[in-house]
């Protein structure tokens, strides 16, 4: 009976470790995907040409910094990846939104 309880405790311990790992991988992938998608968006002529050079450079610099950070912090925690994502979004989203508002009217 004690052995079964021990196995159950170990299973629960590993389950929470697995969940943490999954969360970390998902946060890392989300940041990577966002950075590369944003890079492609800016390089797309239809979109990139509508951006002011200063805004385009601001986004490209933020993307480069995020990718550099990712390369150097592969083992970061989920919340660190999430913070970096928010940081990158806070640079990119207002610029892209402004561009779409300008294009839409």
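Some points to look at:
- Over 19 Å [Cα-Cα, the chain], rounded percent: 54
- Using C-alpha pairs under 8 Å with a sequence gap of at least 6, the mean separation divided by the residue count of the chain gives a relative contact order of 37 percent.
- Folded to 0 to 90 degrees: helix 2-43 orientation relative to the chain principal axis, Cα: 10
- Calculated mean residue ellipticity, 222 nm, the chain: -31000 deg cm²/dmol, from DSSP H runs (n ≥ 4) at -39500 (n - 2.57) each, averaged per residue and rounded to 500.
- Between 32, 87, 17, the Gaussian network model of the chain with springs among Cα atoms under 10 angstrom shows the greatest mean-square fluctuation at 17.
- Estimated FRET transfer efficiency (residue 4, residue 72; beta-carbon r; R0 35 Å; 0.05): 0.20
- Among 54, 76, 66, residue whose mean-square fluctuation peaks in a GNM of the chain (springs only between Cα atoms under 10 Å): 54
- Counting only alpha carbon atoms, the long axis of helix 78-104 and the longest principal axis of the chain meet at about 30°.
Throughout, read-outs are computed from the coordinates displayed, never taken from laboratory work. All figures in this text were calculated on a predicted structure; none of them were measured in a lab. Glycine gets a Cβ as well: all are built from the backbone with ideal geometry, and neighbour counts include every protein chain shown.
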